[in-house]
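Here's the structure we're looking at; comments come further down.
Computed from the coordinates by the stated procedures, all read-outs in this text should not be read as laboratory data. Please read all numbers here as calculations on a predicted model, not as lab measurements. Methodologically, a virtual Cβ is constructed for each residue, glycine included, from the backbone with ideal geometry; neighbour enumeration extends over all protein chains shown.
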Amino acid sequence: MTVLDTGIEGLIHIVPSIFEDARGYFLEAYNKNVFEGLGIKETFVQDNLSKSEKNVLRGLHFQNQPFAQGKLVSVICGAVLDVAVDIRKNSATYGKYYSAELLEKNKHILWIPPGFAHGFLTLEDNTIFSYKCTAIYNKASEDSIFWDDPDLNIIWGAVNPKLSEKDMKAQRFADFHSKF
């Protein structure tokens, strides 16, 4: 396993060791001891999967305290451009983002700690995205920032992505008041 530098404290991009042969492949998607060695000491309490067609954009989502979620994310099938935005108001990288292609082929994993808004754009049809979460979903604490906010200047490479009604009504970053 190797770790790629994200330039943002606490945000970890993991490249797992993959063991392949004529039968297929094997990898450890999660190992408590190994991940604790990387500084990921949280307990995971909920696993989610989403399936999306190409050009679906989900995000930028987060949950406020006391239900803030850390997420360990990866792609089971297909491909996404995954984006995490630092919304920790006392962070040196507040308002900065990190993006990475998480692909079925590369099997990369991203640890997104609490205090980040998260979203992804599907790059292929029938993409299955996996989230391991550190807190149970709580509708009353959910919030979102508009995916295409000019103050964040995220390079998505998307043209007219498919959005949920909730994501179309997300707030602008300039109007956002972080609780982290």
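Assorted remarks:
- When the convex hull of its Cα atoms is projected in every direction, mean area for the stretch 48-118 (nm²): 5.0
- Percentage relative contact order, the stretch 34-180, counting C-alpha pairs under 8 Å, at least six apart: 36
- Using 0.36 nm per residue and subtracting the Cα-Cα separation, the extra length available between K89 and I76 on full extension is 1.4 nm.
- Estimated at 0.36 nm per residue, the fully extended path between T2 and N153 surpasses their Cα-Cα distance by 51.5 nm.
- Likely footprinting exposure, R172, R23, R58, R88, fewest C-beta neighbours within 10 Å first: R23, R172, R88, R58
- The chain, helix-only ellipticity at 222 nm - DSSP H runs n ≥ 4, -39,500 (n - 2.57), divided by all residues, nearest 500: -1000 deg cm²/dmol
- Amide proton proximity set for G115, modelled H, under 5 Å, gap of 5+: Q69
- Over all projection directions, the Cα-based convex hull of the stretch 2-175 averages an area of 10.5 nm².
- Length added when fully stretched, K162-N55, from 0.36 nm per residue minus Cα-Cα: 37.9 nm
- Exposure proxy for F146, F129: other Cβ atoms within 10 Å of each Cβ, ordered fewest to most, give F146, F129.
- Taking each of K107/K162; K54/K96; K96/K162; K139/K179 in turn, the alpha-carbon distance tops 20 angstrom for K107/K162; K54/K96; K96/K162.
- Residue exposure proxy: D86, D21, D149, D125, ordered by other Cβ atoms within 10 angstrom of their Cβ from fewest to most, comes out as D21, D125, D149, D86.
- Diffusion of the stretch 1-77 by Stokes-Einstein, at 25 °C in a medium of 0.890 mPa s and with Rh set to the Kirkwood radius over alpha-carbon pairs, works out to 161 µm²/s.
- Derived scalar couplings ³J(HN,Hα) [the stretch 82-95; Karplus, 6.51 cos²θ - 1.76 cosθ + 1.60; whole Hz; x for Gly, Pro]: 9, 10, 10, 10, 6, 10, 7, 4, 9, 7, 5, 10, 3, x
- DSSP assigns beta bridges within the chain; of those with both partners inside it, close to 95 percent run antiparallel.
- Label-to-label distance, nm, for residues given as E124 and V34 (7 Å Cα→Cβ offset): 2.2
- Applying the Karplus relation 6.51 cos²θ - 1.76 cosθ + 1.60 with θ = phi - 60° to the stretch 102-111 yields 3J(HN,Hα) values of 9, 10, 4, 6, 8, 6, 5, 10, 10, 9 Hz, where x marks Gly and Pro.
- If you plug the beta carbon distance of A174 and F19 into 1/(1 + (r/R0)^6) with R0 = 41 Å, you get a FRET efficiency near 0.30.
- Taken about its Cα centre, the stretch 91-180 carries a charge dipole of roughly 280 debye when the Cβ of each Lys and Arg holds +1 and the Cβ of each Asp and Glu holds -1.
- Only one residue of C133, I14, T2 has its Cα farthest out toward the positive end of the dipole of the chain, where Lys and Arg carry +1 and Asp and Glu -1 on Cβ, and that residue is C133.
- Database remark: amide H of D125 closer than 5 angstrom to the amide H of K54 (H placed geometrically; neighbours at sequence offset of 5 or more, or on other chains; Pro and chain starts carry no H).
- The stretch 129-180-the stretch 62-83 distance, computed between alpha-carbon centres (Å): 11
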